[in-house]
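Undergrad: One structure is given below, represented as structure tokens, and several questions about it will come after.
The values are calculated or read from the model by the stated rules, or taken from the named source; none is laboratory data. As the structure is a prediction and not an experimental result, all values here were calculated from the model. Here the Cβ positions follow ideal geometry from the backbone for every residue, glycine too, while neighbour counts run over all protein chains shown. Protein only, heavy atoms only, side chains kept; ligands, DNA and RNA dropped before computing areas. Shrake-Rupley method; radii C 1.70, N 1.55, O 1.52, S 1.80 Å.
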Amino acid sequence: MNDRSRKRSQMMERRSQVLQPRQESAKGRLSAGFVEALKAVVGSPYVSTAAVVREQHGHDESMHRCQPPDAVVWPQNVEQVSRLAALCYGQGVPIIPFGTGTGLEGGVCAVQGGVCINLTRMDRILELNPEDFSVVVEPGVTRKALNTHLRDSGLWFPVDPGADASLCGMAATGASGTNSVRYGTMRDNVLNLEVVLPSGQRLHTAGPGRRFRKSAAGYNLTGLFVGSEGTLGLITAATLRLHPVPEATVAATCAFPTVQAAVDSTVHILQAAVPVARIEFLDEVMMDACNRHSKLNCCVAPTLFLEFHGSEQALAEQVQRTEEIIRHNGGSHFSWAKEAEERSRLWAARHNAWYASLALRPGCKGYSTDVCVPISRLPEILVQTKEDLEAWRLTGSASPLRARGAGWDGARATALSSGPPGTIVGHVGDGNFHCILLVDPEDPEELLRVQAFAEQLGR
């Protein structure tokens, strides 16, 4: 047994007890008096203790089991949020903020019961300042709703995690997405936050009404709350940085003979200072899944999806330089998308990669890892990750499937028989990638392999 095999065996042994089927945890039930106090704050129609409503709020899109809260409330303004927080805090009742429920990490699971505060009814765009490139939104405003509102302003909000998530939820989770390589993540695009602390006190992290790009006045409290996952307070408004809509846009896909070649191209494009707006990697298993789910016809191989923003002249230069780099690394099967409808179809397929993966193994659940590494180490780590997926029997692919054809169904059956399918997709322009693993949550042995792989990946 080699060193890697020995380490895998040791990790599996350590988890053999942890992954036994769990018993439903005992949760405290709220008293009738406490529920009446909630109703006194927001009104009876906006409080529910119905089992079906609680279950809807006890899970997201991850593989984690539903763990419902004891009650769900829908405040309509920040004053009500403040009173709810103070009421819960005073009685030691857990608070679970809820936006759109599109997370993949189980963050909304009420592991100790408590009150779920659903913020979707607070859905106003409070203030738009085109001259300052900023906007203030309530927590119920989603990414798509904001960009629809901005359509005639010449501005847009570019952080795009795929799901139509709530913007304050994106701030709370420190979301990134396909445009991060050029426009940054939520950490780079949040200027100020209004937060209700557990005690009910309201805090403006950069000061009331402030939307400055830069400040040297004290602690960066905004940065503290971005990515805090709802553990420090409830975000009730966010001041966001906006960007000019680009004059011209072009997207492209290209295939590579190996994972190494695709990721090497990513590094070389960034080193050449090509101002690429999006650069996404899909391995061959993911590319095939997207072909089937979104009716694309891309070559089934390690693939890059790219997009460029700028003037027509700048785009021509970016595209030419990128093509040279990609061809040097063995890239082929170029496909350019210049029309908006074509581009939308391409990026919709990328954003639906999660659902495309789930379709590979109907009835099973998805587990997504989320790793970010230095760009210089990205090729090495991605190649090693691909090998580790195969070693843990999580790849779902006996061999790379190079093209779709009449023999696909038989090839798919052979691939899936080797183990639960795993795919790789990532925002490789900033060193971020995800392994999406499809597992049967009732199979302890599969869960064991998934958790052991995830821990190894984190190292």
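Undergrad: Limiting things to C-alpha atoms, what are the Rg and the maximum Cα-Cα separation (Dmax) for segment 32-118, in angstroms?
TA: Looking at segment 32-118, its Cα Rg and Dmax stand at 12.3, 36 Å.
Undergrad: In percent, what relative contact order does the chain have, based on Cα pairs under 8 Å that are 6 or more apart in sequence?
TA: Relative contact order comes out at 13 percent.
Undergrad: Long-range amide H contacts for PHE133: which residues qualify at under 5 Å (H placed 1.01 Å from N, peptide plane, sequence gap of 5 or more or a different chain)?
TA: none
Undergrad: For the chain, give me the percentage of DSSP beta bridges that are antiparallel, rounded to the nearest 5 percent.
TA: Restricted to the chain, the bridges split so that about 85 percent are antiparallel.
Undergrad: Considering the alpha-carbon set of segment 65-186 alone, what are its Rg and its Dmax in angstrom?
TA: Computed over the Cα atoms of segment 65-186, radius of gyration and Dmax are 15.9, 48 Å.
Undergrad: Would you calculate a helix-derived [θ] at 222 nm for the chain, using -39,500 (n - 2.57) for each DSSP H run of n ≥ 4 and dividing by the full residue count, to the nearest 500?
TA: So the helix-based figure for the chain works out to -10500 deg cm²/dmol.
Undergrad: Which whole-Hz couplings ³J(HN,Hα) result when phi for each residue of segment 135-146 is put into the Karplus expression 6.51 cos²θ - 1.76 cosθ + 1.60, θ = phi - 60°, listed in order with x for Gly and Pro?
TA: Coupling constants for segment 135-146: 8, 10, 10, 7, x, x, 7, 9, 4, 5, 4, 5 Hz.
Undergrad: Moving on to the next point. Given the peptides 367-373, 249-255, 40-46, arrange them by the average over their residues of other C-beta atoms within 10 Å, most packed first.
TA: Descending mean neighbour count gives 249-255, 367-373, 40-46.
Undergrad: Taking the alpha carbon gyration tensor of the chain, what are the square roots of 5 times its eigenvalues, largest first, to the nearest whole Å?
TA: The equivalent ellipsoid of the chain has semi-axes of 38, 31, 19 Å.
Undergrad: Something else: Grab the beta carbon distance between ILE375 and SER332, set R0 = 25 Å, and tell me the FRET efficiency rounded to 0.05.
TA: The value I calculate is 0.55.
Undergrad: Please compute the contact order of segment 55-120 in relative form: average sequence separation of alpha-carbon pairs under 8 Å and at least six residues apart, divided by the residue count, as a percent.
TA: 49 percent
Undergrad: What is the local net charge at SER228, summed over the other residues whose Cβ is closer than 15 Å to its Cβ (Lys, Arg +1; Asp, Glu -1)?
TA: Residues near SER228 contribute -2 overall.
Undergrad: Taking only protein heavy atoms and a 1.4 Å probe, what accessible area per residue, in Å², does the chain have with all protein chains in place?
TA: That works out to 45 Å² for each residue.
Undergrad: Quick check for me: using +1 on Lys/Arg Cβ and -1 on Asp/Glu Cβ, what's the dipole size of the chain about its Cα centre, in debye to the nearest 20?
TA: The dipole of the chain has a size of about 580 debye.
Undergrad: Please work out how much accessible surface GLU390 shows to a 1.4 Å probe, ignoring ligands, DNA and RNA, in Å² rounded to 10.
TA: Near enough 100 Å² of accessible area.
Undergrad: Same structure, new question: Around THR142, under 9 Å between beta carbons, what's the net of Lys plus Arg minus Asp minus Glu among the other residues?
TA: In short, 0.
Undergrad: Leaving ligands, DNA and RNA out of it, report the carbon-plus-sulfur percent of the accessible area of the chain at a 1.4 Å probe.
TA: Here carbon and sulfur together make up 50 percent of the probe-accessible area.
Undergrad: At 37 °C and 0.692 mPa s, grab the translational diffusion coefficient of segment 125-243 from Stokes-Einstein with a Kirkwood Rh over Cα pairs, rounded to a whole number in µm² per second.
TA: The diffusion coefficient I find is 232 µm²/s.
Undergrad: Net charge near ARG202, counting Lys/Arg +1 and Asp/Glu -1 over other residues with Cβ under 12 Å of its Cβ?
TA: Summing Lys and Arg as +1 and Asp and Glu as -1 gives -1.
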